[in-house]
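Single-structure report; data block below.
The values are calculated or read from the model by the stated rules, or taken from the named source; none is laboratory data. What you are looking at is a predicted structure, and each value in this text was computed from that prediction instead of being measured. A quick note on method: Cβ atoms are made from the backbone with ideal geometry, for glycine too, and the neighbour counts reach across all protein chains shown.
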Amino acid sequence: MKHLIYIISLFSMISHGQNNIIIGDSQTFYLAKHTQTITLIKPLTQSGIGITKLITKLNKYPISNNINSVTICIGVNDSYKDMGIKTLMNITKTKFPYACIYIIKGSWGWGNVKHIPQKTITNYYNIFQNNGAYIIQTPIGFGNPHKNKPIYKTIINELESIINKTISTQND
């Protein structure tokens, strides 16, 4: 009996740790450093990744019914051009059928996104919203994101607050 209780407890801890996940591009690694409650899924996170490659990775990923939220950080490597947002949203909903989908707005003003108009970025994330995602309002923002910027902690705090409100609403 003690072994059964231990196994059930262990399974609960493992599945609880994966109830909220984060995936996407290189900025995802920095975001994940600031959370204890959202799990980075390494097979679905890669520097330089865009939507097309993320879709390919998701197609190979198993369906997970125990995920409450999927947070995606994507856009900068596609220069904020729609490379299949609707397809990405559909496959994410298929692979994580019980999850809310949150999108982190990326960075600009550096590299290939040095001269991207703000309207292009806004329109890009509006496509996600029109396909059922919730957009986290605080963006990673201007400048090279490849260092541990204070904004990452701000974004994670906002995200965790929204996730916690969603969970408490579902439990009411």
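Brief remarks on what is shown
- In the stretch 74-95, the residues that are part of a loop (DSSP other than H, G, I, E, B) and either over 19 Å from THR28 (Cβ atoms) or more than 12 Å from the chain's Cα centre (by Cα) (or both): SER79, TYR80, LYS81, ASP82, MET83, GLY84
- For the stretch 97-115, filtering for residues that are surrounded by fewer than 13 Cβ atoms within 10 Å (Cβ to Cβ) and assigned to a helix (DSSP H, G or I) leaves 1.
- Selection of the stretch 125-154 for residues being of a type in the set (Lys, Arg) and part of a loop (DSSP other than H, G, I, E, B) yields LYS147, LYS149.
- Against the numbered list (1) crowded, with 18+ Cβ neighbours inside 10 Å; (2) without any contact (Cβ under 8 Å) to a residue 40 or more places away in the chain; (3) not charged (D, E, K, R), ASN126 comes up short only at (1).
Every residue, every condition in (1) of a type in the set (Lys, Arg); (2) modelled with pLDDT of 95 or more; (3) surrounded by 15 or more Cβ atoms within 10 Å (Cβ to Cβ); (4) under 15 Å from LEU159 (Cβ atoms), yes or no:
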residue: PHE11; (1), (2), (3), (4): no, no, no, no
residue: SER26; (1), (2), (3), (4): no, yes, yes, no
residue: TYR30; (1), (2), (3), (4): no, yes, yes, yes
residue: LYS33; (1), (2), (3), (4): yes, yes, no, yes
residue: GLN36; (1), (2), (3), (4): no, no, no, yes
residue: GLN46; (1), (2), (3), (4): no, yes, yes, no
residue: THR71; (1), (2), (3), (4): no, yes, yes, yes
residue: LEU88; (1), (2), (3), (4): no, yes, yes, no
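- Subset of the stretch 101-118 [of a type in the set (D, E, K, R) and more than 22 Å from the chain's Cα centre (by Cα)]: LYS114
- Pairs, first small (Gly, Ala, Ser) in the stretch 89-116, second assigned to a strand (DSSP E or B) and surrounded by 16 or more Cβ atoms within 10 Å (Cβ to Cβ), C-beta under 9 Å, six or more apart: ALA99/ASN20; ALA99/ILE21; ALA99/SER69; ALA99/VAL70; GLY106/GLY24; GLY106/CYS73
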